[in-house]
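Undergrad: Structure incoming, see below.
Just so you know, all these numbers are worked out from the coordinates, no wet-lab data involved. Since we're looking at a predicted model, the values are computed, not measured. Note that each Cβ is placed from the backbone with ideal geometry, even for glycine, and that neighbours are counted across all protein chains shown.
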Amino acid sequence: MRKLLAAVGLCILTGPAWAAPKTVTLSVPSMYCPVCPITVKKALIKVPGVSQVEVSLAKHRATVTFDDAKANVAMLTRATKDAGYPSTLAASGK
């Protein structure tokens, strides 16, 4: 019984503890019409692990919150590129 409890405890401690929500801002300079942000958002929300996307046409940026155990910046930029809107990680400015 003690071995079972130890194994369960180990799984709880090592499983989701490594995953963390991460938020990044992507620069998407090729957005120029009101439909562009909708297309970019649809492409990003399909990436596994993405939980929230906000796109600004005026700023040519997309802010994406995702589970860093399931997604990464390369997957996000690939999604926008595949949708016709190449993007790069925006400078943080901080």
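Undergrad: Just one of the numbered conditions (1) among the hydroxyl-bearing types (Ser, Thr, Tyr); (2) within 21 Å of Cys33 (Cα to Cα); (3) surrounded by 14 or more Cβ atoms within 10 Å (Cβ to Cβ) is not true of Thr65; which one?
TA: Among (1) among the hydroxyl-bearing types (Ser, Thr, Tyr); (2) within 21 Å of Cys33 (Cα to Cα); (3) surrounded by 14 or more Cβ atoms within 10 Å (Cβ to Cβ), Thr65 violates only (2).
Undergrad: Across the stretch 34-55, which residue is surrounded by the fewest Cβ atoms within 10 Å (Cβ to Cβ) among those that are over 13 Å from Ser87 (Cα atoms) and among the small types (Gly, Ala, Ser)?
TA: Of everything passing the filter in the stretch 34-55, Ser51 is surrounded by the fewest Cβ atoms within 10 Å (Cβ to Cβ).
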